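Structure, as structure tokens:
The values are calculated or read from the model by the stated rules, or taken from the named source; none is laboratory data. Just so it is clear, the structure is predicted and the values come from calculations on it, not from any experiment. Virtual Cβ from ideal backbone geometry, glycine too; neighbours counted across all protein chains shown. Quick note on the areas: whole protein, heavy atoms, side chains included, nothing else; ligands and nucleic acids left out. Shrake-Rupley method; radii C 1.70, N 1.55, O 1.52, S 1.80 Å.
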Amino acid sequence: SPGTAGPGTASLGEIATPPINGSNLQGLTRASALQLAAEAGVPVRIEPIPREALYVADELFFTGTATEVMPIASLDRIAIGNGRRGPITERIQQRYQDIIHGRSEDVYGWMSLRGGGV
């Protein structure tokens, strides 16, 4: 899986993401994106994703500390879906951005200091 927390694919109204293993990390951003998918009523399957499935997905996105939630327009010069951010990625990306930038209430406590931080 590329990236620090790996890709998500969206096809037929649901998200697939690979299980946590040696090639991707259980990242906070990945966990947040999965929470937001559940909030939006988007089913999530956690399963190995063969490379071929990435090429035919309606949408692809990365999650990670630096990328946050980032759509993937093409893979190996092959357009994913229509080559633009898809509706599921857009919804999760926008909701994530709204929470971390204070435009929406942080109902998950993501922005709260924990462990006696400064």
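A single entry from 88, 49 fulfils the requirement of being in contact (Cβ under 8 Å) with a residue 24 or more places away in the chain and in a loop (DSSP other than H, G, I, E, B): 49.
What about residue 68, is it under 13 Å from the mean Cα position of the chain (by Cα), more than 19 Å from residue 12 (Cβ to Cβ) and of a type in the set (Asp, Glu)? Judged against the criteria, residue 68 is a match. For the stretch 58-85, the candidate set comprises residues that are among the acidic types (Asp, Glu) and part of a loop (DSSP other than H, G, I, E, B); within that set, the residue that is surrounded by the fewest Cβ atoms within 10 Å (Cβ to Cβ) is 76. Which residue pairs have Cβ atoms under 8 Å apart, sit 6 or more places apart or on different chains, and have a first residue in the stretch 17-31 that is modelled with pLDDT under 85 and a second that is open to solvent by 40 Å² or more (accessible area, probe 1.4 Å) and not aliphatic (A, V, I, L, M)? Every condition considered, the pairs that remain are 20/26; 23/1; 24/1; 24/3; 24/4; 25/4; 27/4; 27/65.
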